Amino acid sequence: QVQLVESGGGLVQAGGSLRLSCAASGRTFNNYAMGWLRQAPGKEREFVGGISWSLGSTYYADSVKGRFTISRDRVKNTVYLQMNSLKPEDRAVYYCAARPGVVARIQPGAYDYWGQGTQVTVSS
């Protein structure tokens, strides 16, 4: 049974940093791409960024490029989202998701597996 478990969310002031973790289990993810997506109150879920588990290639939404960094630890089976220079508009529930293939997709429907989400709140 595939499980994705996010952690690391919380409350931070604008300009601060947080690191989210996504611990993956239940299968081999070598042929999967991992995505981070977020959903703010009253808004649709949106793509933040992703990483190819095997290649390590990363992709980012324009809104977070230069501020957020995704990495993975293949030994720990964990994907990370380092968020710097946080803004109030980054406030959302952040989800980790997995899809077969080497390329992360921006469409939420492209992902087969999802974590439960972790809340990120940025105060101004």
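The values are calculated or read from the model by the stated rules, or taken from the named source; none is laboratory data. Predicted model only: the values in this text are computed from it and were never measured. Cβ atoms come from the backbone with ideal geometry, glycine included; neighbour counts cover every protein chain shown. Side chains included, ligands, DNA and RNA excluded: accessible areas come from the protein's heavy atoms. Shrake-Rupley method; radii C 1.70, N 1.55, O 1.52, S 1.80 Å.
Fully extending the segment from E46 to Q82, taken as 0.36 nm per residue of separation minus the present Cα-Cα distance, adds 11.2 nm. Heavy atoms of the protein chains alone define the surface here; on that basis the chain has 50 Å² accessible area per residue at 1.4 Å probe size.
For chymotrypsin sites (Phe, Trp or Tyr not before Pro), no site in region 34-106 is both called loop by DSSP and has at most 13 other Cβ atoms within 10 Å.
Couplings 3J(HN,Hα) of region 10-22, computed from phi: x, 9, 9, 7, 4, x, x, 10, 9, 10, 8, 10, 9 Hz, in residue order, whole Hz [Karplus 6.51 cos²θ - 1.76 cosθ + 1.60, θ = phi - 60°; x for Gly and Pro]. In this structure, the amide hydrogen of S54, modeled 1.01 Å from its nitrogen in the peptide plane, lies closer than 5 angstrom to those of Y32, counting only residues at least 5 positions away or on a different chain. Computed extension gain for S71 through Q3, at 0.36 nm per residue and net of the alpha carbon distance, reaches 22.6 nm.
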